Amino acid sequence: MNDRSCAHWSQNFALGVLALTGAGVTHAQMPTMADEPSSAEWLSLLPDDETTRRFILDCTGCHQFDERIALKEGRARTAEEWQADVARMLGFAGATTGFPVIAADRDPEATAEWLVANLADRVPGDSAAPSAVPIVRDAVREYALPVAQDLPHDVAIQADGRAIVTGMLTHQMYVLDPESGAVSTVPIPRPNANPRALDIDSLGNWWVVLGNPQTLARFTPGSEQWDFFEVGVYPHSLAIAEGAVWYNGHFTYEPEVVGRVDAASGQVRQLTVPRHPNDALAPAGPVPYEIRVGPNGWVWGSELQGNRVFRLDPASGSFRLYTMPDTWSGPRRLDVDATGIVWIPAYSANGIYRLDPSSGGIMWIQMPTPNTLPYVVRLDETGAVWIGTAAADAIFKLDPESLEFTMYPTPSRGALMRHMAIAPNGDVWVAYGASPGRLPATVARVVSGR
């Protein structure tokens with residue numbers, strides 16, 4: 001694998017998509033919901049089949065598929081233009097680059113022909129409108145961060161209610177007061193730190209994935225001390241367990257690894273995930289994604305391109321693998337509830353899987369709106385399932401008993417929700433992480449009780 005840093009890749013990828021879209025936005029230009037169709041509405045023009053699911057996996061995880069992408073200067077793109085655009089994106093995030101999130105068999109010419117055939121001169125209608133789902137309006141408040149071009153990848157909430165946000169492109173941490181909107185910054189004493197994933201332990205320490213240095217970091221707010229733990233891989237996510245922090249190797253596949261950092265000693269231990277059976281996934285690999293720890297200590301992980309979820313029993317070191325029922329469903333940022341049930345967003349299949357480890361059964365729950373692209377799931381203390389989406393410009397709440405949804409639209413268009421956290425008071429926070437986005441760097445919250 002190419003060893004280019006994620007920071008270098010992210011900045012160049014953003015420039016590549018800006019060249020594609022010709023777009024740039026300031027805080028004063030944040031587009032409202034009435035400005036133009038959503039990414040979900042544009043995606044609804046494509047067939048509901050495996051080809052579209054694979055396209056969604058390859059081409060919408062970093063930025064939305066909206067009017068800036070679908071059109072060029074207000075008109076449909078030609079096949080030649082699409083082919084050049086796809087080839088450009090493969091140069092930034094293709095299977096042989098330093099950030100291989102696009103599958104190895106993505107072909108620019110075939111993709112261009114398919115897009116022209118399905119989009120032609122069509123424009124979105126109202127096919128993405130929800131059907132009989134309650135909508136709670138004006139419950140989401142957005143907060144712009146000081147550096148509009150930053151990428152707020154993850155958000156976590158301290159006991160005092162302040163939101164901590166990773167500034168992935170500015171290599172710093174943000175601290176946001178939700179009442180005043182005031183934002184301060186905390187520098188990271190590592191060059192090109194590239195902070196990505198984030199969580200807060202029971203002592204109030206921040207644990208942060210530093211992508212470029214291939215390091216986990218711990219920040220103690222009281223003393224403002226940073227401790228660093230070299231892990232030797234580029235992690236995507238981390239999960240806090242009793243006395244330890246787990247992480248995954250984002251682009252590892254021969255072997256795919258997960259690791260554990262002992263919080264007291266700093267000792268790092270890595271384990272090998274059972275090999276993915278599909279050799280065609282190389283050289284991109286299955287793209288390990290989320291990692292979470294359940295109430296019994298089991299470690300759960302997802303593979304975005306590999307279409308699997310794994311369970312690790314740390315006591316025995318044994319794994320159990322679960323292949324998703326739908327091909328190319330894109331299991332992304334999952335969560336585990338208090339009873340051990342695993343809730344998995346099927347990003348490209350537009351639904352939620354409910355996995356019961358006791359039986360191995362997997363239930364399918366369809367999202368109420370087409371092509372929402374459910375990206376991240378988090379459970380609150382009541383057991384409600386909160387879902388951040390990448391294309392619908394809306395947050396959803398799912399009742400785990402009735403399986404009924406409630407929809408919370410965002411004030412602005414372009415809200416690709418990369419991460420979510422539940423505050424101690426029940427507020428639900430999301431980080432808008434499009435790269436690049438039509439919005440300036442933004443986080444948002446659903447005020448509890450709404």
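The values are calculated or read from the model by the stated rules, or taken from the named source; none is laboratory data. The shown structure was predicted, so the numbers you read here are calculated from the model rather than taken from an experiment. Reconstructed Cβ throughout: ideal geometry from the backbone, glycine too, with neighbour counts over all protein chains shown. For the accessible areas, the whole protein counts, side chains as well, though only heavy atoms, and no ligand, DNA or RNA atoms are used. Shrake-Rupley method; radii C 1.70, N 1.55, O 1.52, S 1.80 Å.
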Quick check on region 276-292. Is at least one of its residues under 24 Å from Val430 (Cβ atoms), buried (at least 18 other Cβ atoms within 10 Å of the Cβ) and of a type in the set (Val, Ile, Thr)? yes
Go through (1) of a type outside the set (S, T, N, Q); (2) closer than 21 Å to Leu312 by Cβ; (3) open to solvent by 10 Å² or more (accessible area, probe 1.4 Å) for Pro411 and report which single condition fails. (2)
With Trp328, Trp343 as the choices, which residue is surrounded by 13 or more Cβ atoms within 10 Å (Cβ to Cβ) and either touching a strand residue (DSSP E or B) at 6+ places or on another chain (Cβ under 8 Å) or among the β-branched types (Val, Ile, Thr) (or both)? Trp343
Mind checking which residues of region 137-187 are open to solvent by 30 Å² or more (accessible area, probe 1.4 Å), in contact (Cβ under 8 Å) with a residue 24 or more places away in the chain and of a type in the set (S, T, N, Q)? Gln149, Thr185
Looking across region 368-378 at residues that are touching a Phe, Trp or Tyr at 6+ places or on another chain (Cβ under 7 Å) and on the phi < 0 side of the Ramachandran plot, the single one that is surrounded by the most Cβ atoms within 10 Å (Cβ to Cβ) is Pro374
Would you mention how many residues in region 392-408 are open to solvent by 10 Å² or more (accessible area, probe 1.4 Å), out of contact with any Asp or Glu (no Cβ under 9 Å at 6 or more places or on another chain) and of a type outside the set (A, V, I, L, M)? 4
Lone unmet requirement of (1) open to solvent by less than 10 Å² (accessible area, probe 1.4 Å); (2) outside any loop (DSSP other than H, G, I, E, B) for Trp364: (1)
Of all residues in region 414-450, count the ones that are assigned to a loop (DSSP other than H, G, I, E, B), of a type outside the set (A, V, I, L, M, F, W, C) and open to solvent by 10 Å² or more (accessible area, probe 1.4 Å). 9
Failed item, numbered, when Gly24 is tested on (1) touching a helix residue (DSSP H, G or I) at 6+ places or on another chain (Cβ under 7 Å); (2) at pLDDT below 95; (3) open to solvent by less than 50 Å² (accessible area, probe 1.4 Å); (4) not acidic (Asp, Glu): (3)
Has region 330-340 got at least one residue that is touching a residue at least 60 places away in the same chain (Cβ under 8 Å), under 22 Å from the mean Cα position of the chain (by Cα) and assigned to a strand (DSSP E or B)? yes
Are any of the residues in region 220-240 buried (at least 19 other Cβ atoms within 10 Å of the Cβ) and in contact with a helix residue (DSSP H, G or I) (Cβ under 8 Å, 6 or more places away or on another chain)? yes
